[in-house]
Amino acid sequence: MKLSKRWLPAHLLVWTYAVLLIVPLYYFLASAFKSNEEIFAHPFALPDSLGFGNFRTAYDSASLGQAIVNSALVTVLALALTLLLALPASFALARSTGRLASAVEKVFSLGFLIPTFAALFPTFLLAAATGLFHTQLFMVLFLPATAMPLSVVILVQFMRTIPREMEEAARIDGASTYTVLRHIYTPMCLPGIATVILLNFLTFWNEYLYSLVIIGPDPDQRTVQSALPTLKAITGTDYGVLTAGTVLTLIPVWIVYTVLQKRMQQALISGAVKM
């Protein structure tokens, strides 16, 4: 009884936080099935029907099918390039003990201090100079550069927890540096890799500013974040259609999170235990 009373404030905070999350989510999902009149007249009421008219309108009006494919292509390729660069860099920094390695690691950490919008104009000039302006290829090459600081910092901390004896045993058996990274460090860092993939996926998928400026409004190349604003109209916005379009773009995010959430939880738990 004393234990339950002691935990009562914590339970109240948890339930309050849950309500603060559930109510906006319910309003968001319910609005996707309503017209403007229903949204403004009865914002929290259940929709009269569960028809998919708003979803079809949003899908056709903003060409969301092509936009989702474009976003998936850019995000997957950028994630692959990020891991291809971050894993060897993290491995080298994690196994190095000199001052140079420490300085390089601090340089990566300085990447957190650069505001996103501060690099917009130089990035625009670089895209124009390389002839990759209004192309998805430039975004595939650019996004990993923005993700390297976070990716390297996370992976280095995971790799430093791996005992050196495992690497030494592999060396005795004739394993090369690449073999050690691939068969020892990478499997043991899977929770950290999953965390990096999930965090960067959310960042890449939701990226708007650079996608709008670099790729542009071309329906054949634009991403979902550039396509969604086209559902707004000067004469009036159908918020049911806009909400439905937003729901469609969030489905891939939900799928990726569902697949990787257990690995990310393992990373958080292992990090707490090591602390």
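The values are calculated or read from the model by the stated rules, or taken from the named source; none is laboratory data. These numbers come from a predicted model, not from an experiment. Ideal geometry is used to build each Cβ from the backbone, glycine not excepted, and the neighbour counts take in all protein chains shown. Each accessible area value is taken on the protein alone, full model and side chains, heavy atoms only, with ligands, DNA and RNA left out. Shrake-Rupley method; radii C 1.70, N 1.55, O 1.52, S 1.80 Å.
Once you mark the chymotrypsin sites (Phe, Trp or Tyr not before Pro) that are in a DSSP loop and have at most 16 other Cβ atoms within 10 Å, what is the longest gap between them in the chain?
It runs 53-132.
Have a look at A194, T135, A10 and report the one farthest towards the positive end of the charge dipole of the chain, computed about the Cα centre with Cβ charges (Lys/Arg +1, Asp/Glu -1).
Comparing the listed Cα positions along the dipole, A10 ranks first.
Which residue, L83, L248, L46, has the largest displacement toward the positive end of the dipole of the chain when charges sit on each Cβ (Lys, Arg +1; Asp, Glu -1)?
L83
Spelling out what I want: for every residue of segment 202-218, take phi, set θ = phi - 60°, compute 6.51 cos²θ - 1.76 cosθ + 1.60 (Karplus), and round to whole Hz; glycine and proline get x.
4, 5, 5, 5, 8, 5, 10, 4, 6, 5, 5, 6, 7, 7, x, x, 4
Quick one: order V256, V104 from most to least accessible surface, probe 1.4 Å.
Ranking V256, V104 by accessible area, largest first, yields V104, V256.
Through the Karplus equation 6.51 cos²θ - 1.76 cosθ + 1.60, θ set to phi - 60°, convert the phi angles of segment 33-46 into ³J(HN,Hα) values in whole Hz; use x for Gly and Pro.
For segment 33-46, the Karplus-derived couplings read 10, 10, 8, 4, 4, 5, 4, 7, 7, 9, x, 9, 7, 5 Hz, x marking Gly and Pro.
Ignoring any ligand, DNA or RNA, what whole percent of the accessible area of segment 45-273 comes from carbon and sulfur when the probe is 1.4 angstrom?
Ligands and nucleic acids excluded, carbon and sulfur reach 69 percent.
With +1 on each Lys and Arg Cβ and -1 on each Asp and Glu Cβ, and nothing else charged, work out how big the dipole of segment 45-273 is about its Cα centre, in Debye to the nearest 20.
So the magnitude is around 520 debye.
Would you mind working out the magnitude of the charge dipole of segment 1-134 relative to its Cα centre, with +1 at each Lys and Arg C-beta and -1 at each Asp and Glu C-beta, to the nearest 20 Debye?
Once rounded to the nearest 20, the dipole reads 860 debye.
With θ taken as phi - 60° and the coefficients 6.51, -1.76 and 1.60, list the Karplus ³J(HN,Hα) couplings across segment 117-125 in order, rounded to whole Hz; mark glycine and proline as x.
Each residue of segment 117-125 in turn: 6, 5, 9, 5, 5, x, 5, 4, 5 Hz.
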